[in-house]
Structure formats: C-alpha cells, structure tokens
Amino acid sequence: MNYLAAGHALLAEDSWERRYELTYLLEYHRAACELLTADLAAAEKRLTMLSSRAEKLVDIAASRACG
C-alpha cells in the first residue's frame, strides 16, 4: 500500500488526462489493499471515485465489482 501511495504522490496534477491507465491502476490497487486491510470506508470512497473516473468499460466493471 505504501508503494501505491508513493506512486500516486509522484503523479502530475493532470495524470488522469495524460496517464489514465497508470493512474487508474494505482488507485484501483490501493482500493483493493484497503479492502484487504479492512479499511472499508477508504475503499468505498476510492471505488466510488474510480467508477466516476473510469473511461473504459472494463474499468467501469472492475471498479463496481470490487465494491
């Protein structure tokens, strides 16, 4: 989880537009870690954000299946 948070911290402000796939995967895997460590409130918040940001059908399905 620390590595994912560090990766997110290195992203630019416009990472959702310029590096969508990397940004999505970092956030998705952080949500998965939050679920596995029973931080359910943080996971729900992150998955809700991901489902609103998801551009690809497979990403929409993944973010909804996890939550």
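Laboratory data are not the source of any read-out in this text; all were calculated from the coordinates shown. Everything numeric in this text was worked out from a predicted model, so none of it was measured.
Both radii are taken from the alpha-carbon atoms of the chain; with Rh as the Kirkwood radius, Rg/Rh is 0.95.
Restricting to Cα pairs below 8 Å that are 6+ residues apart, what does the relative contact order work out to for the range 1-44? Please round to a whole percent.
Details: 25 pairs, mean separation 16.0, N = 44.
Normalised by residue count, the contact order of the range 1-44 is 36 percent.
Using the Kyte-Doolittle scale, which helices in the chain average at least -1.0 and also have C-alpha atoms spread 15 Å or more along the helix axis, with helices defined as whole DSSP H runs?
20-36, 40-53
Counting only DSSP H runs of at least 4 residues, each contributing -39500 (n - 2.57), and dividing by the residue count of the chain, the helix-based mean residue ellipticity at 222 nm comes to -24500 deg cm²/dmol.
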